[in-house]
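Trainee: Following this message is one structure expressed as structure tokens.
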Amino acid sequence: MHVPDGFLDVPTSVATGVAAVAMVGTALRRAEREITETGPALPGLTAAFVFAAQMVNFPVGAGTSGHLLGGALAAALVGPWTATVVITSVLLVQALLFADGGLTALGTNVITMAVVGVVVGYLVARLALRFLPPRARSLVPATALGGLVSVPAAALAFTGLYAIGGTVDIPIGRLATAMVGWHAVIGVGEALITAAVLGAVVATRPDLVHLGRHLQPAGSPAGGPTRVRLGRRGLAIGGAVTLAVASAVSLAASTHPDGLEYIATSLGFAGAASGSPADRSPLANYVVHGLANPWVSGAAAGMVGAVVPVVVGLLLTFLAQRRRGRAARAAE
């Protein structure tokens with residue numbers, strides 16, 4: 001659901017950019033405690049996996065596809081504030097290196113996916129946990145429900161922004177119906193992927209799941225540890241899975257347009273999309289330009305793309321930790 005340049009007018013794009021900077025800045029400040037608990041490895045790996053998983057478009061019917069947004073999954077794993085930073089780092093890499101999502105529309109994409117997607121997914125999951133048994137396994141259906149709801153919520157947020165500054169005059173009611181309807185279907189895929197990934201984590205390391213810190217993992221002391229670390233083994237396994245998804249599974253992704261592209265074509269505003277300066281990137285469209293073999297080119301681009309968000313995510317988390325350290329020293 002990456003919004004390209006041209007769908008929204010300049011004032012709206014500037015306003016969303018300013019709002020996104022403010023929201024991510026707040027998230028960085030609030031993420032300090034979450035990152036202190038997990039260390040930087042888990043947020044970095046989460047960023048890499050979300051990037052890799054977003055490369056895998058799955059068909060949803062009628063020539064349309066969808067892909068993971070990852071907000072609910074990231075929020076469950078590393079906390080909502082860190083998740084906003086994680087998804088933002090993914091969106092930055094996609095826009096700057098892979099020409100996926102516009103540069104002037106980057107603020108819009110951050111608001112819809114890194115803010116609305118994360119906040120709605122996390123809050124729905126928290127609410128669902130109140131009605132489920134207080135055990136680690138309840139984290140899976142709760143977060144899956146959060147993922148299901150977060151996708152149409154992000155679609156509705158885009159509809160609201162388009163109503164304010166859309167560059168093509170279309171019936172907003174039709175846009176809202178189409179966006180929410182199709183993305184509710186895509187949300188089912190989001191829920192299934194979220195459940196599969198989080199289920200694997202809960203089965204092996206439930207202590208890593210931020211959403212379940214208030215639960216008592218089986219066999220651990222009451223209250224659980226204050227700090228958890230991914231560990232070398234977990235990092236190696238997670239890294240291997242991420243690289244496999246990015247370099248191999250992604251090659252079997254659906255080639256159909258995603259929900260937003262399909263709706264834009266159907267309602268007649270697809271032509272408003274303009275080219276991005278990142279179109280000239282050697283990695284644009286998730287291929288390494290210059291490599292003749294499309295399979296090798298796509299796999300190489302996926303592997304590069306899985307690594308870069310880790311670097312960006314680690315840099316952002318490092319800045320958050322450094323700020324926390326300065327604040328602690330100033331308070332002494």
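Trainee: Output the number of residues of region 257-279 satisfying the condition of being within 19 Å of Gly298 (Cβ to Cβ) and either surrounded by 18 or more Cβ atoms within 10 Å (Cβ to Cβ) or over 23 Å from the mean Cα position of the chain (by Cα) (or both).
Mentor: 2
Trainee: If you take the residues of region 89-109 that are over 17 Å from Ala52 (Cβ atoms) and of a type in the set (Ser, Thr, Tyr), which of them is farthest from the chain's Cα centre (by Cα)?
Mentor: Among those that are over 17 Å from Ala52 (Cβ atoms) and of a type in the set (Ser, Thr, Tyr), it is Thr104.
Trainee: Please state which one of Ala99, Ala114, Ala95 is at pLDDT 95 or above and of a type in the set (A, V, I, L, M). Let's see the steps before the verdict.
Mentor: Numbers: Ala99 fails: at pLDDT 95 or above; Ala95 fails: at pLDDT 95 or above.
On inspection, the qualifying residue turns out to be Ala114.
Trainee: From the list Ala178, Ala203, Ala128, Ala157, which one is within 17 Å of the chain's Cα centre (by Cα) and assigned to a helix (DSSP H, G or I)? So that I can check it myself, show each step before the final result.
Mentor: Numbers: Ala178 fails: within 17 Å of the chain's Cα centre (by Cα); Ala203 fails: within 17 Å of the chain's Cα centre (by Cα); Ala128 fails: within 17 Å of the chain's Cα centre (by Cα).
Selected residue: Ala157, the only one of Ala178, Ala203, Ala128, Ala157 that is within 17 Å of the chain's Cα centre (by Cα) and assigned to a helix (DSSP H, G or I).
Trainee: While we're here: Confirm whether Gly79 is crowded, with 24+ Cβ neighbours inside 10 Å, in contact with a helix residue (DSSP H, G or I) (Cβ under 7 Å, 6 or more places away or on another chain) and at positive phi.
Mentor: Details: crowded, with 24+ Cβ neighbours inside 10 Å: yes; in contact with a helix residue (DSSP H, G or I) (Cβ under 7 Å, 6 or more places away or on another chain): yes; at positive phi: yes.
Yes: the conditions hold for Gly79.
Trainee: If Glu34 meets every condition in (1) acidic (Asp, Glu); (2) at pLDDT below 90; (3) over 18 Å from the mean Cα position of the chain (by Cα) apart from one, which number is that one?
Mentor: (3)
Trainee: Return only the number of the condition from (1) free of Cβ contacts under 8 Å to residues at least 60 places away in the same chain; (2) under 17 Å from Val78 (Cα atoms); (3) not aliphatic (A, V, I, L, M) that Asp169 does not satisfy.
Mentor: (2)
Trainee: Answer with yes or no whether Thr16 is closer than 30 Å to Ala200 by Cβ and among the polar types (S, T, N, Q). Steps first, answer last, please.
Mentor: Values: closer than 30 Å to Ala200 by Cβ: no; among the polar types (S, T, N, Q): yes.
Spelling it out, it is not the case that Thr16 is closer than 30 Å to Ala200 by Cβ and among the polar types (S, T, N, Q).
The values are calculated or read from the model by the stated rules, or taken from the named source; none is laboratory data. No experiment lies behind these values; they were computed from the predicted model shown. Ideal geometry is used to build each Cβ from the backbone, glycine not excepted, and the neighbour counts take in all protein chains shown.
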